[in-house]
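Working notes, beginning with the structure itself.
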Amino acid sequence: MAVRLAIVKTGVKPHRIVILGGGTGGTLTANRLRKAYGLDEASITVVDQDDRHVYQPGLLFVPFGLTHDEDIVRPRGRQLHRGIDYRTTAVDHVDIAAQTVHLVDGGELAYDVLVVATGAVLAPEETEGLVGPGWMEKVFTFYTPEGASALEGALARFEGGRLVVNVVEMPIKCPVAPLEFCFLADWFFRERGMRDDVELTYVTPLDAAFTRPVAARQLGGMLEQRGIDLVTEFNTGEVDGAAGRLLSFDEREAPFDLAVVVPVHNGAAYVARSEGLGDALGFVPADQHTLQSLAAPNIFAVGDAASLPVSKAGSVTHFEGEVLVENIRRFLDGKALDASYDGHANCFIETGFSRAMLIDFNYDIEPLPGHFPGPVGLPLLKESHLNHLGKLMFQWLYWHSLLPGRDLPGVHSAMPNAGKDLRSRTDPEERAS
Ligand SMILES: Cc1cc2nc3c(=O)[nH]c(=O)nc-3n(C[C@H](O)[C@H](O)[C@H](O)COP(=O)(O)OP(=O)(O)OC[C@H]3O[C@@H](n4cnc5c(N)ncnc54)[C@H](O)[C@@H]3O)c2cc1C
């Protein structure tokens, strides 16, 4: 109705902007666009398959009883500004040639600009045995609300033994979250006076605790200090829940009494059904500086759905969103795109005992020590109570500032260098390895 009135008023058809996915990226992009365009200038439609917006960083705290489902889930539609059309249905496929989205409920949406923001989808069934015997009994994931809640019960009942935290395959959302889980598990069992009864092991397909050398050394050292074993280059081929062991493709074993597994992540299934849209994993290749997809100039990708050499993280999605909105405007105005997204990522790493570490990096600069966002600010690559408070406060900022599309003071899409110790960079050869 709003769109029809707008045509009558101006005689010009509003741009049709369709956003697939109403999570972090879809919501903040829709809200920023709604502020940028009047109702007579653009119609904005968001499609999501459900109406439960989960604050995903909160999932980390659920297994330890530090927060609960009801504290981290809100209705999706309520996060969208007035004047945004919200459809609760799944996407069936995109017909790029016809510039039309086909929905599972039979509806069709024609678009002038399409934003793919359907995130990453967990595929536990792709790992042999993972959802077989023992699933949700002694094999869990905290990457879903159901899994995180079930794990809370299992941790409360755990009487000691071998607890294994395993990443099956990269990429995953928030690559530091499984490490945070290890640190919190160490804290949890110490608090309960049973740390000596628990053998904690972090099993990763990477060759170190993390991808970037300076941070990998630091995080590896923190695992060691806490007596958490690190098993690297372990590519999980099978989870044998009955016998309690992970098996790698090269026939190594990691035995467990309780396993916390981060399953394989793919792009949404409709991407594969949309000819020309995605890659083999269902992610959408895009220009790493403009976010314009390689599929068509009027399709953009944001957040976890995009295939870019950057972490799948809410902070990345937020920084990309700022550049994306500018580029949608430029595209619709027929102007050259802004190629300013530098791969900026920023992440609080909860380390237990009310402390956290902060890392800040981009495509070219790995996480380095110093301060963020300038010489006086939060300590980088260093545990502190201040960073823990920052991590907790972020949930409020997420709902009240980031999603509504407000700028966060001092935090921008371009990575700041002012407070960083650039001398501690590793040489490029080591970084590439
Ligand atoms: C345990 C955990 C901890 C995390 N911690 C942090 C952290 O500390 N810091 C940080 O920066 N990031 C963190 N993240 C990552 C962060 O939550 C994500 O990177 C971010 O939410 C990505 O936003 P997005 O919009 O790309 O995807 P999402 O927010 O996941 O949204 C995708 C949306 O697409 C919808 N969708 C999917 N398929 C379809 C379909 N076929 N039809 C219709 N709709 C569909 C989904 O329902 C979903 O709403 C964490 C993630 C997890 C799981």
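The values are calculated or read from the model by the stated rules, or taken from the named source; none is laboratory data. Just so it is clear, the structure is predicted and the values come from calculations on it, not from any experiment. All Cβ positions, even for glycine, are placed from backbone atoms using ideal geometry, and neighbour counts span all protein chains on display.
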In this structure, is Y111 more than 13 Å from the ligand (Cβ to nearest atom), of a type in the set (F, W, Y) and surrounded by 17 or more Cβ atoms within 10 Å (Cβ to Cβ)?
yes
Every pair of residues 6+ apart whose Cβ atoms lie under 7 Å, when the first sits in region 314-332 and is under 26 Å from Q395 (Cα atoms) while the second is within 9 Å of the ligand (Cβ to nearest atom) and not in a helix (DSSP H, G or I)
S315/A345; S315/N346; S315/C347; V316/A345; T317/V302; E320/V302; G321/V302; L324/V302
Which of the residues that make up region 139-194 are closer than 20 Å to V264 by Cβ and in a strand (DSSP E or B)?
V139, F140, V164, V165, N166, V167, K173
Residues in region 228-238: is at least one at negative phi and either without any contact (Cβ under 8 Å) to a residue 12 or more places away in the chain or among the basic types (K, R) (or both)?
no
Of all residues in region 328-349, which are over 16 Å from the mean Cα position of the chain (by Cα) and within 14 Å of the ligand (Cβ to nearest atom)?
none
Filter result for the condition that a residue is surrounded by fewer than 16 Cβ atoms within 10 Å (Cβ to Cβ), more than 16 Å from the ligand (Cβ to nearest atom), of a type in the set (A, V, I, L, M, F, W, C) and free of Cβ contacts under 8 Å to residues at least 60 places away in the same chain, over L206, L200, L223, L247
L206
Restricting to region 335-354, give me the number of residues that are of a type in the set (F, W, Y), farther than 19 Å from V62 by Cα and part of a strand (DSSP E or B).
0
Output the residue which, of all residues in region 283-321 that are acidic (D, E) and within 14 Å of the ligand (Cβ to nearest atom), is surrounded by the most Cβ atoms within 10 Å (Cβ to Cβ).
D304
Scanning region 118-147 residue by residue, those away from the ligand (no atom under 15 Å from the Cβ) and without any contact (Cβ under 8 Å) to a residue 12 or more places away in the chain turn out to be E125, V131
Mind telling me which of the residues G267, G237 ends up being at pLDDT 95 or above, of a type in the set (G, A, S), out of contact with any helix residue (DSSP H, G or I) (no Cβ under 8 Å at 6 or more places or on another chain) and surrounded by 15 or more Cβ atoms within 10 Å (Cβ to Cβ)?
G237
For region 54-86, give me each residue that is assigned to a strand (DSSP E or B) and within 23 Å of the chain's Cα centre (by Cα).
V54, V73, R74, P75, Y86
With the checklist (1) within 30 Å of K138 (Cβ to Cβ); (2) of a type in the set (G, A, S); (3) touching a residue at least 40 places away in the same chain (Cβ under 8 Å); (4) surrounded by 15 or more Cβ atoms within 10 Å (Cβ to Cβ) in hand, flag the one item S274 doesn't pass.
(1)
Flagged in region 239-272 as small (G, A, S) and on the phi > 0 side of the Ramachandran plot, in numbering order, are G244
For region 83-106 the number of residues that are in contact (Cβ under 8 Å) with a residue 12 or more places away in the chain and farther than 30 Å from G334 by Cβ is 6
All but one of (1) buried (at least 20 other Cβ atoms within 10 Å of the Cβ); (2) more than 20 Å from the chain's Cα centre (by Cα); (3) within 15 Å of the ligand (Cβ to nearest atom) hold for A150; which doesn't?
(1)
With over 17 Å from the mean Cα position of the chain (by Cα) and either assigned to a loop (DSSP other than H, G, I, E, B) or at pLDDT 95 or above (or both) as the only criterion, which of S315, S274 stands out?
S274
For the subset of region 153-187 comprising residues that are over 19 Å from the mean Cα position of the chain (by Cα) and within 16 Å of the ligand (Cβ to nearest atom), which member is farthest from G227 (Cα to Cα)?
L155
Top-ranked residue in region 19-33 [being within 8 Å of the ligand (Cβ to nearest atom), out of contact with any Lys or Arg (no Cβ under 6 Å at 6 or more places or on another chain) and not in a helix (DSSP H, G or I); ranked as farthest from V121 (Cα to Cα)]
L20
